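To keep things clear, I will list the structure first and then write my remarks on it.
Computed from the coordinates by the stated procedures, all read-outs in this text should not be read as laboratory data. This one's a predicted model, so the numbers in the text were calculated from it and none came from an experiment. Cβ placement follows ideal geometry from the backbone for every residue including glycine, while neighbour counts extend to all protein chains displayed.
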Amino acid sequence: MNAPSPRDGGKLPHLREQSAFPGKGGLVRIGRAFWNTIGGFREGLATEAAIKQEVALMLLALPVSFFVATSLWAWVALMGSLLMLLAAELLNTAIERLCNRVHPERHEAIKVTKDLASAGVFCVIVSAALVWIVAVIDRFVV
């Protein structure tokens with residue numbers, strides 16, 4: 001990588017501050033980001049079986065969590081673990097779609113990228129399972 005030039009003020013030109021919506025800030029940016037988020041949820045729910053399954057799991061787990069949690073913090077951990085799982089699945093889906101768009105035919109580097117994203121989802125699944133198992137043991141066994 002090239003060192004920054006003194007004439008650039010010591011900064012790399014490609015690292016200057018960027019905005020997701022150039023010229024727009026504040027509430028306009030937040031509003032647009034919100035609608036992009038809603039669009040992402042809709043797309044995921046409409047097209048991805050894993051996302052549908054995880055949302056269904058969350059809807060079933062919500063009432064159960066009130067009986068399992070022994071404190072507000074335990075409830076936050078239970079529901080937060082499922083939110084993290086949904087977030088990981090959404091990111092995994094985004095990575096897979098980008099890979100498919102950039103390189104539609106089979107390619108070893110793309111396979112490795114998708115496998116890594118899938119492994120990330122697996123780690124979050126294990127983490128969520130541990131949170132729920134510990135909460136159930138704490139509530140009903142100990």
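Details
- For region 105-110, 3J(HN,Hα) computed residue by residue from phi via the Karplus equation (6.51, -1.76, 1.60; θ = phi - 60°) reads 7, 4, 8, 4, 5, 5 Hz, glycine and proline entered as x.
- Looking at region 49-140, the pairs of alpha carbons with a distance over 20 Å make up 44% of the total.
- 9 Å beta-carbon shell around T93, net charge (K/R +1, D/E -1): -3
- For region 35-75, the extents of the C-alpha atoms along the principal axes are 35, 21, 11 Å, listed from largest to smallest.
- Part-to-part distance (alpha-carbon centres) for region 94-114 and region 29-90, which is given in Å: 26 Å
- Net charge of the neighbourhood of R106, taken over other residues with C-beta under 14 Å away and scored Lys/Arg +1, Asp/Glu -1, is -2.
- In order along region 130-142, the Karplus-derived 3J(HN,Hα) couplings, from 6.51 cos²θ - 1.76 cosθ + 1.60 at θ = phi - 60°, round to 4, 4, 5, 4, 5, 5, 5, 4, 4, 7, 10, 10, 7 Hz, and Gly and Pro are given as x.
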